[in-house]
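Okay, so here's the structure we're looking at.
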Amino acid sequence: MSGLILSAPGSGSGKTTLTLGLLRALKNRGIAVRSAKSGPDYIDPRFHAAASGAECVNLDTWAMQPERIRAMAAGDTPLIIEGAMGLFDGAPPDGKGATADLARILQLPVVLIVDVARQSQSVAAVVRGFAGHDCGAKVAGVILNKVGSPRHEAMLRRALEPMGLPVLGAVYRSDALHTPSRHLGLVQAEERPDLEAFLDQAAEIIATSLDIDAVLALAAPIAMPESEPPALPPPAQKIAVARDAAFAFAYPHLLSAWRAAGAEISLFSPLGDEASGAADLVILPGGYPELHAGRLAGNARFLEGLRTAHAVYGECGGYMVLGDGLVDADGSRHKMAGLLRLETSFEKRKLHLGYRSLTPLGGLWDMPLAAHEFHYATTLKAEGEALFAATDAEGVALTDMGLRNGGVGGSFAHVIDGAV
C-alpha cells in the first residue's frame with residue numbers, strides 16, 4: 001500500500017497528460033496501479049480509468065475527513081495521485097484543499113512536474129522554492145516538461161544538480177501530447193474516438209522520457225486510518241442514475257459507498273431516450289446537457305419517466321434539465337422537464353466557482369453537506385422553495401441555493417460528502 005503524488009507549480013504544467021502516459025505505460029508493462037485525483041474533478045478521473053483500467057477516485061481534503069481520505073487511499077496496488085492546480089493552491093482564506101494537504105495526510109512524496117518551456121537556469125529557483133516551502137509536503141523528485149532541445153535539457157539539469165533532487169526525466173515538447181478542452185476542462189474521455197491511440201502514444205513518449213523504475217522507487221507507504229468515518233448514507237434504496245455524455249458527473253466514491261451500504265443502483269441514458277425505470281429516486285448528475293439540449297427536449301420517454309418518478313434530484317446540468325427551459329449558447333430555448341420553475345441560459349456565460357457548505361432546507365437530504373459549484377450558466381428565473389442554505393469556503397453566507405417542489409429538487413451544487 002504505497003503511493004506518490006504528481007504535482008506542479010501551477011495549472012497548465014502538463015500534470016494530467018503525463019499522469020495518463022505514466023498510467024498507460026505501467027499498464028502496458030503489466031504493472032497494476034490505482035490512481036486518484038486531488039480535489040473536485042469529474043473529467044480527469046475518467047481519463048485515468050481509461051489509461052490504467054482501474055477506477056479513479058477523488059480525494060478532497062476540503063470536503064473529506066482525513067481518516068476518510070486514508071481509507072479511500074488504501075488498496076493492494078500502488079496509488080498514483082494527480083494533484084490539482086499548483087501544489088499549495090487551495091480554497092480561501094488559507095489554501096485548505098490543496099494537493100499539499102494530501103501529501104501531509106497520506107505522508108506521501110511529491111514529484112514536481114515543471115513546465116520549462118520558457119525558462120532555463122531559473123528552474124532551480126522554482127524547484128528550490130517549492131521544495132523548501134513546507135516540510136510536510138516533501139518534494140522527492142522532478143520531471144522536466146516541454147523541454148525544447150538536448151541543449152536546453154542539459155542547461156536545466158546542470159542548474160538543478162546542486163540541489164541533489166533526482167531529475168526523473170525530461171519530456172520534450174510534442175503536438176502528440178496536446179489534449180482538446182472546453183470550458184470545464186478536457187473534452188470528456190467518452191467523446192474522444194482517438195482516446196486509445198492517444199493514450200498509447202503518450203505512454204510511448206513517457207516510457208522513453210522518464211526513468212519509470214526511479215519514479216516507482218520513490219513511492220512511500222500510505223498512512224493508514226485508525227478508524228473509517230461513515231460515508232454519506234444512500235438517499236434511497238433503489239436509485240436510478242443518469243449516465244451518458246450529457247450526464248457524466250457522478251462521483252464514483254459516493255456510488256460505491258451507497259452500494260456498500262446496500263443500495264441498489266441502476267444506470268440509464270437520457271440521450272438514448274431511456275426511462276429511469278422503477279426506482280425510489282432518480283438522480284440526474286451534472287454534465288453537458290446544454291450541448292444536447294435539443295435532443296433531450298425531444299426524448300419523450302426520458303422526460304415522461306422524470307415526470308412520473310417517485311422522487312428526482314438534479315445537480316448542476318441535471319438541475320437545469322428539471323426546469324422549464326434551457327437556452328443554449330446560440331440563444332435557442334429548449335423545453336425541459338418542467339418539474340421546477342427554473343429557466344437557465346448559456347447565451348451569456350458567467351463563471352460560478354467554489355466550495356460550498358450546504359444545510360438542507362427540506363427535500364432529499366437531512367444532514368449538512370460538503371459540495372462544490374463550477375458552471376457557466378446564468379439563471380433567468382428561479383421561483384419556489386430553496387433546497388439549501390449555503391456558505392462559501394470562508395463561511396460567508398450565500399443566497400439560498402436550488403429549488404424543491406414536492407419530491408423534486410436540485411441545485412447547481414455538486415455534493416462531495418457529508419460535512420466535515
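Taking each residue of segment 253-274 that is within 18 Å of Glu304 (Cα to Cα) and in the same structural domain as Arg295 (by TED's automatic domain parsing) and looking for partners that are among the aromatic types (Phe, Trp, Tyr) and surrounded by 15 or more Cβ atoms within 10 Å (Cβ to Cβ) with beta-carbon atoms closer than 6 Å, six or more apart or interchain, yields Pro270/Phe302; Asp273/Phe302; Glu274/Phe268. Kindly check whether there is at least one residue in segment 279-299 that is surrounded by fewer than 21 Cβ atoms within 10 Å (Cβ to Cβ), aliphatic (A, V, I, L, M), more than 24 Å from Ile416 (Cα to Cα) and at pLDDT 95 or above. Within segment 279-299 (the criterion being surrounded by fewer than 21 Cβ atoms within 10 Å (Cβ to Cβ), aliphatic (A, V, I, L, M), more than 24 Å from Ile416 (Cα to Cα) and at pLDDT 95 or above), the answer is yes, since at least one residue qualifies.
Let's see how each residue does on (1) under 24 Å from the mean Cα position of the chain (by Cα); (2) assigned to a loop (DSSP other than H, G, I, E, B); (3) among the hydroxyl-bearing types (Ser, Thr, Tyr); (4) not assigned by TED's automatic domain parsing to the domain that holds Gly298:
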position: His310; (1), (2), (3), (4): no, yes, no, no
position: Asp330; (1), (2), (3), (4): no, yes, no, no
position: His334; (1), (2), (3), (4): no, no, no, no
position: Ala337; (1), (2), (3), (4): no, yes, no, no
position: Lys350; (1), (2), (3), (4): yes, yes, no, no
position: Ala382; (1), (2), (3), (4): no, no, no, no
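If you take the residues in segment 233-264 that are surrounded by 20 or more Cβ atoms within 10 Å (Cβ to Cβ) and assigned to a strand (DSSP E or B), which one is nearest to the chain's Cα centre (by Cα)? Of everything passing the filter in segment 233-264, Phe249 is nearest to the chain's Cα centre (by Cα). Being in contact with a Gly (Cβ under 8 Å, 6 or more places away or on another chain) and part of a helix (DSSP H, G or I) is true of Met320. Take Glu343 and decide whether it is in a strand (DSSP E or B), acidic (Asp, Glu) and over 30 Å from Pro66 (Cβ atoms). It is true that Glu343 is in a strand (DSSP E or B), acidic (Asp, Glu) and over 30 Å from Pro66 (Cβ atoms). Listed by position, the helices (runs of 4 or more DSSP H) inside segment 89-199 whose residues that are under 30 Å from Asp392 (Cβ atoms) and over 20 Å from the mean Cα position of the chain (by Cα) number at least 2 are 123-133.
The values are calculated or read from the model by the stated rules, or taken from the named source; none is laboratory data. The shown structure was predicted, so the numbers you read here are calculated from the model rather than taken from an experiment. Don't worry about glycine lacking a Cβ; one is built from the backbone with ideal geometry, like all the others, and counts go over all protein chains shown.
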